Amino acid sequence: MIGGGQGAFIGAVHRIAARIDGEYELVCGAFSSNAEKSKASGVLLGLQANRVYSSYTELIEKEKQLPEDERVQVISIVTPNHVHFDPAKAALENGFHVVLDKPMTFSLAEAKELDKVVKASDRLFCLTHTYTGYPMVKEAKQLIKAGKLGTIRKVYVEYPQGWLSSFLEGDDNKQASWRTDPGKSGIAGAMGDIGTHAFNLAEYVTGLEVTQICADINVVVPGRKLDDDGAALLKFNNGASGVLTATQIAAGEENNVKIRVYGEKGGLEWHQSDANSLTLMYTDKPMEVWRTGGGYTSSFAQHNARTPAGHPEGYLEAFANLYRNFALTIKAGLDGREATPEEKDYPGIQEGVRGMAFIENVIASGKSDKKWTEFSI
């Protein structure tokens, strides 16, 4: 692991997710840009002292020198956005598979370059867009793919949070400080941090791609340097329209991610607050509620569910599904077989490039006087 040391939030989440299915063992790390903090973090995690490194460059250089049966196979990068590209590039070029936290890079230019690096390597790449890991999100995708709703016409996706409704970055809050800093986060705040999740969820579930954007981007809290609120009208490549909202100043909200999709035959709705349920709506019969663990669900939903129906599975399990599917795909290659579609169902480099393109396009649209901005990569 690179990053994720003492005091970090997302590093612990990654470690829990990786361990749930027993597919990974944490063997080394460079947990902080501060060498002493990295060492202290490694001690707390029970690692061998000689495999806790003072920098990611040292980690990659020394691990590469170890015998194949000892060296690390996968490097998980859980640093702030501005420290995504360099370690990911170095890891891939030196023969390691990579798991990277989203958004993929600091800029679209870096994303395009990383795309080239992945394609030139023989390594695999996973991007942790957590919400696509939920079984009923996968079920929604499969139902739409099978034509259950007919031609898709309308998409609503939203991600409201309230944790930045005050100027937390002024109180030495580590998470707020880097996420609202253009030098570390990039050109977007809320749209980069959570808007990319909403965008990815919309494209993943529908199987469509956004082609045009009309955005309203706001900085609500006085003194803040990046957007903390925004909305965008969307046009998709099949002619469907959509609405995306992402805000971090909705006081009282937690992480109420939600998506609704409507086709010519009916609609569906999923939201994280009741993640085990998927609501289906029809024009000619009563509404249905499908549940995680039900025998009537697709192989994709069943592959990503661990417990019998009625036992709630949540954020950590969804996160773990990305790690497990990535591990199973790597192991399939080691075994000389083709991974199954269910195993290969995790976000990768293409989702990362499109996510960075969304950030740059939605911010450009918010600054533009034009009604519609073409979605360009």
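Please treat every number below as a calculation from the coordinates, not as lab data. Quick caveat: nothing in here was measured; it's all calculated off a predicted structure. Quick reminder, even Gly has a Cβ in these numbers, built from the backbone with ideal geometry, and neighbours come from all protein chains shown.
Things worth noting here:
- Mean ellipticity per residue at 222 nm, deg cm²/dmol - from DSSP H runs of n ≥ 4 across the chain, formula -39500 (n - 2.57): -10000 deg cm²/dmol
- Summing charges over all other residues whose Cβ lies under 9 Å from the Cβ of GLN161, with Lys and Arg as +1 and Asp and Glu as -1, gives -3.
- J(HN,Hα) series, the range 163-172, from Karplus relation 6.51 cos²θ - 1.76 cosθ + 1.60, nearest Hz, glycine and proline x: 5, 9, 6, 10, 7, 5, 5, x, 10, 6
- Ordering GLY162, VAL117, ASN256 by the projection of their Cα atoms onto the charge dipole of the range 104-261, which places +1 on the Cβ of Lys and Arg and -1 on the Cβ of Asp and Glu, puts VAL117 at the extreme positive end.
- Charge dipole (the chain, unit charges on Cβ, about Cα centre) - positive-most of ALA231, GLY150, ILE349: GLY150
- When the chain is treated as a Gaussian network with alpha carbon springs shorter than 10 Å, the biggest mean-square fluctuation among ALA88, ALA30, ALA49 belongs to ALA49.
- Lysines whose Cα lies under 22 Å from that of LYS148, excluding same-chain neighbours fewer than 8 positions away: LYS138, LYS235, LYS258, LYS265, LYS285
- Relative to the Cα centre, the charge distribution of the range 284-358, modelled as +1 at Lys and Arg Cβ and -1 at Asp and Glu Cβ, gives a dipole magnitude of about 100 debye.
- Using the average count of surrounding beta-carbon atoms within 10 Å as a protection proxy, the listed peptides 9-16, 205-212 rank, highest first, as 205-212, 9-16.
- Tensor-based shape of the range 240-318 (alpha-carbon gyration tensor, a/c under 1.5 rounded, otherwise prolate or oblate): oblate
- Positive-pole candidate from ALA215, LEU45, ALA12, dipole of the chain, charges at beta carbon: ALA215
- Check: the range 96-202 dipole with +1 on Lys, Arg Cβ and -1 on Asp, Glu Cβ, in debye: 720
- Kyte-Doolittle mean at least -0.5, axial Cα span of 27 Å or more - DSSP H helices of the chain: 315-334, 349-367
- With a Cα cut-off of under 26 Å and a minimum spacing of 8 residues unless on different chains, the lysine pairs in the range 10-128 number 23.
- Overall form of the range 168-215 per C-alpha gyration tensor (a/c, 1.5; a/b vs b/c): prolate
- Gyration tensor verdict on the range 104-213 (Cα atoms; rounded if a/c is under 1.5, prolate if a/b is larger than b/c, oblate otherwise): oblate
- Under 11 Å, Cβ to Cβ, from ALA140 - net charge with Lys/Arg +1 and Asp/Glu -1: +3
- Springs between Cα atoms under 10 Å define the GNM used for the chain, and in it the highest mean-square fluctuation of SER76, SER121, SER107 occurs at SER121.
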